[in-house]
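Encoded as structure tokens, the structure appears first; notes follow it.
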Amino acid sequence: MKKTLSRTIPILIMLFLVLTLVACGTAQPAQSEGPNNQETQGTQETASEPMTIKVGVPTAPPALPVLHMMETKALGENVNIELSIWDEPETLIAMVQDGEHALFAFPLTVVAKLYNKGLDVRLMNVNTWGVTYFLTSDPDLKEWQDLKGKTVYVPLQSSPPDALTQYFLHEAGLEAGKDLEIIYASTPEIATLLASGKAAYATLIEPQVTKALLANPQLRIAFSFEEEWQRVNATDTKIPNAGFGTTQKFIDAYPELTAQFQEAYAQSTQWANEHPEQMGELAEKYLGLKKELVAKALPSMGLTFQSARDSQTELKMFYDLLWNFEPSMIGGKVADDGLYYGGK
């Protein structure tokens, strides 16, 4: 299917470029001169000396448990977590190949595509489910077919929200670039456009959905992507959206630290859901998000931990759907089991 590629560099170009590079994500000892110096230290399983790991995250639900981990020193007193924010897949891909970052919050389409293109990525868990909605200020929009001739704003080209938007449009007999226009922008940009009334039709994820709805009383949720997923596929399963991952190089060098991150992330995910107000305070402190917004939106963020290994049924269904629809979105094939981290 031909897609409209406005306002962003096509992710396929970035993928072609990173294929010429060695994919690696490394933890950096605080006193290290660089990743190469670290490699001479062998497979260090515990942090006996101070070290910093760089973690790439968006300002979105997957980042929230990491904030609690930072606040509580969940990886131990000697391990410092340093956040790097990405707001588009191109920036995330650059982090994967820059040799400085260790762990990443991945859109599930992106991690599959990178793996299928030969990069050294591994999916550790799925942490965000069914978090996507279609918003509109048009009271006459009842069905996907009503979007014919309209301009639709979508965040993160080739991400699950983009893939699913186009899939649901295709199911309704519409083709992006032919029957309607898709314009890509960052999630905060789309929320601002909706709030100001400059955009009337858009796909959006939490917590920006709640922010836009609070700012513009004319807006409403036209479609829940989870409900559409269940309707189209005759299933009661949730949509896997995003997860955390790393590289095999990092796993091999730091197996215990990798397992410790996974366990701490699971515990902090549970804590976030049980303490929305405190989670909101951390989101404001570290990400600049309004604490009231995060606390209000948390129940609808779909923030639930499940290891990648235990999510393979849902992931296979999701990847099969995309492969049948547009294989290029996941790198041309459904990823084999090597994509999935073997730990708990």
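The values are calculated or read from the model by the stated rules, or taken from the named source; none is laboratory data. Keep in mind the model is a prediction, meaning the values are calculated, not measured. As a convention, Cβ positions derive from the backbone with ideal geometry for all residues, glycine included, and neighbour counts pool all protein chains shown. To get the accessible areas, we keep the full protein, side chains included, count just its heavy atoms, and leave off ligands, DNA and RNA. Shrake-Rupley method; radii C 1.70, N 1.55, O 1.52, S 1.80 Å.
Structure notes:
- Region 141-160, residues that are assigned to a helix (DSSP H, G or I) and either open to solvent by less than 10 Å² (accessible area, probe 1.4 Å) or within 16 Å of LEU204 (Cα to Cα) (or both): TRP144, LEU147, PRO160
- Residues that are under 26 Å from ALA200 (Cβ atoms), over 15 Å from the mean Cα position of the chain (by Cα) and among the hydrophobic types (A, V, I, L, M, F, W, C) occur at least once in region 123-134.
- Criterion: under 20 Å from the mean Cα position of the chain (by Cα) and over 15 Å from THR128 (Cα atoms) - qualifying residue of GLU292, GLU284: GLU284
- Given (1) assigned to a helix (DSSP H, G or I); (2) under 17 Å from PHE134 (Cα atoms), number of the condition GLU263 does not satisfy: (2)
- Restricting ALA212, ALA199, ALA163, ALA195 to those that are open to solvent by less than 20 Å² (accessible area, probe 1.4 Å), farther than 26 Å from LYS113 by Cβ and in a helix (DSSP H, G or I) reduces the list to ALA212.
- Scope region 131-140; condition surrounded by 21 or more Cβ atoms within 10 Å (Cβ to Cβ) and either in contact with an Asp or Glu (Cβ under 9 Å, 6 or more places away or on another chain) or β-branched (Val, Ile, Thr) (or both); matching residues: VAL131, THR132, TYR133, PHE134, THR136
- In region 176-186, of all residues being open to solvent by less than 60 Å² (accessible area, probe 1.4 Å) and farther than 19 Å from LEU213 by Cβ, the one that is farthest from the chain's Cα centre (by Cα) corresponds to ASP179.
- Any hit, region 313-333, residues being open to solvent by 10 Å² or more (accessible area, probe 1.4 Å), outside any loop (DSSP other than H, G, I, E, B), in contact with a Gly (Cβ under 9 Å, 6 or more places away or on another chain) and within 23 Å of VAL110 (Cβ to Cβ): yes
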